[in-house]
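The structure under discussion appears below in the form of structure tokens.
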Amino acid sequence: MATDLWASFPHDPRDRANAGLRASDADRERITGVLASAFADGRLEREELDERTDAVASARTLGDLPPLVADLVPLRSAPARPTKSLVGVSSAELEQRAQRSWEARRRAALFSFLGTGLICWAIWISTTLAGWTDVFFPWPLIVNAVTGVNLARVLTSRDEMVRDEVHRLEKKQARQQRWPKGLS
């Protein structure tokens, strides 16, 4: 409830522009709910709960409410997750990010080759040994060929993939520098 508390108000009581607005019964009930939860959690003594509940009941404006739960609920939202902003990132950092991207693609291609290969061969061997098939064609070779071609492509195209990723990151960086935060 703590993280959703302030968002649940039609007008944020923490905002100075809203502080003078009259508090509704629903606004007071939200704060009373936080106090009751804190009491149930053992974060408030009974006397303190009674004092604060009385203060909530006598609160006339939205600005009167936040101080009553300031030590129970964060008054400010947690900082937003770091954006993937590229504004101000150096060319060397873009190159490092592109290199890490290629390394991730290489890992994925390798695990795809090994993982699907192992699974397919295990299925083929078990079905062949169990006699569930009359055809002795080793179909896992097809899976190995497809994933092997992808692995070879990733391994041999490192420079091209890194260059393409740097170009993509540079375009994204330029777009983020042109548009205001949150619009890119």
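Please treat every number below as a calculation from the coordinates, not as lab data. No experiment lies behind these values; they were computed from the predicted model shown. Using ideal geometry, Cβ is built from the backbone for each residue, glycine included, and neighbour counts are taken over all protein chains shown.
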Response to the item:
Simple spin-label estimate for Arg76/Arg22, 7 Å along Cα→Cβ, in nm, reads 3.3 nm
Discussion item. So if I place +1 on the C-beta of Lys and Arg and -1 on the C-beta of Asp and Glu, and nothing else carries charge, what would the dipole magnitude of the chain be about its Cα centre? I want it in debye, nearest 20.
Written reply: 1200 debye
Practice prompt. Report which label in (i) 0.99; (ii) 1.88; (iii) 1.05 holds the value of Cα Rg over 2.2 N^0.38 Å derived from the coordinates of this structure.
Written response: (ii)
Discussion item. Give me Leu94, Leu21 sorted ascending by neighbouring Cβ count inside 10 Å, so fewest comes first.
Written reply: Leu21, Leu94
Worksheet entry | Placed amide H near Thr61: partners under 5 Å, 5+ positions off or other chain | Ala23
Worksheet item: When you count, for each residue, the other Cβ atoms within 10 Å and take the mean per peptide, how do 112-124, 133-145 rank with the highest first?
Response: 112-124, 133-145
Worksheet item: Which one of Gly20, Phe111, Thr147 has its Cα pushed farthest toward the positive end of the charge dipole of the chain, where Lys and Arg give +1 and Asp and Glu give -1 at the Cβ?
Response: Thr147
Worksheet entry | Ranked list, fewest to most other Cβ atoms within 10 Å of each Cβ, for Arg30, Arg163 | Arg163, Arg30
Practice prompt. Kindly list the residues of the range 104-143 that lie in the label zone of Thr156, defined by a backbone N under 15 Å from the point 7 Å along the Cα-to-C-beta vector.
Written response: none
Discussion item. About the Cα centre, and with charges only on the beta carbon of Lys, Arg (+1) and Asp, Glu (-1), how big is the dipole of the range 6-69? Nearest 20 debye, please.
Written reply: 280 debye
Worksheet entry | Order of Leu110, Leu75, Leu129 under a 10 Å beta carbon neighbour criterion, fewest first | Leu129, Leu75, Leu110
